[in-house]
Every structure is written in structure tokens, then in C-alpha cells.
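For reference, the structure discussed in these notes is given below.
Taken together, the values in this text are just the output of simple stated rules run on the coordinates, not laboratory data. It should be emphasised that the depicted structure is a prediction, and the values quoted were computed from it without experimental measurement. Neighbour counts are summed over all protein chains in view; Cβ atoms, including those assigned to glycine, are modelled from backbone coordinates with ideal geometry.
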Amino acid sequence: MGTWDIGPFDNDTAADFGGRLDEAAADVRGSLVREALDSGGGEEKVAAAALVAAHCPGGEPVDTAYGPKQPLPDLSGLRDLARTALDGLVDKPSELSELWAESGDDSWRAGVVRLRDLLASTPAGGAARPV
């Protein structure tokens, strides 16, 4: 895994995921995000969860050069799935969380926990935000 920072798209796998979203037809982009949350690797789950959070009140837009550039559908309906995906990364041992723990820098985990907390606190049916 090539990683250059702690952001959701700051690694090769997540950047590739962003590229796949841009290459996909508009009507399947939401399904690709759901699939990443359901069965993707840790890097894709974090990236997909960041995209979902961007559609929720209080969420920050994903404006990195490595994230998707094409419009995404409203992903706020995937909030619970995204939170559950992040639960599995921070509450249970995972390869990704173990790699970050070995680095001795807790910044990545703190960012994922903040993202998970945002997803948990966002009321269902909240106003959508552009990504």
C-alpha cells in the first residue's frame, strides 16, 4: 500500500477507488460506494465513508485531488452502513488499523473515529450536501 498522508484518499487503493468512480456510469456510482462499504478493503471503506459523510449535515466535502471528480448521487442513505464499516476498522483488529498502530501515529485512527462519530450523529433524512 502506498500511503502519503492520513486522509481518506491519501493512499493508492483509495485514489484508485476514486478513479473507478469517475470512470463508472453515473447510475452505478452509488452502487460502487455501497459495494466498497460492504466488501471493500479498509482503505476503500474509509474513502467510501468519507463520501457518504460529505452528503450529511456537518460533513466536509471531499476536495482532494485523489477523490472522485464526477458528481455522485445522494449517499446520505448509506450513513448507517458507512458507520458500521468504520466500526469494523476501529473497534476490531484489522490489517489497516494494525499498520497504522505500528506507525506510532494515532492521527489516522483519530480521523476515522471523527468520521464515524459524524456518521453516527447525523439524523436520518438530513439535508444532502454536494461532494
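Which shape class, rounded, prolate or oblate, goes with the chain when its Cα gyration tensor gives a ≥ b ≥ c as root eigenvalues, a/c under 1.5 marks rounded, and past that a/b bigger than b/c marks prolate? Cα axes put the chain in the oblate bin.
Using 0.36 nm per residue of separation minus the Cα-Cα distance, give me the extension gain between residue 16 and residue 4 in nm, one decimal.
Additional length available on full extension: 2.9 nm.
For the range 1-77, the square roots of the Cα gyration tensor eigenvalues, ordered a ≥ b ≥ c, give a/c below 1.5, which places it in the rounded category. If you take the charge dipole of the chain about its Cα centre, with +1 on Lys and Arg Cβ and -1 on Asp and Glu Cβ, which of 51, 77, 101 is farthest toward its positive end? Value computed over the given set: 77.
Taking 7 Å steps out from each Cα toward its Cβ at residue 90 and residue 25 produces label points 3.7 nm apart.
In order along the range 77-89, phi translates into HN-Hα couplings of x, 9, 4, 5, 5, 5, 4, 4, 4, 6, 3, x, 8 Hz, rounded to whole numbers, per the Karplus curve 6.51 cos²θ - 1.76 cosθ + 1.60 with θ = phi - 60° and x for Gly and Pro.
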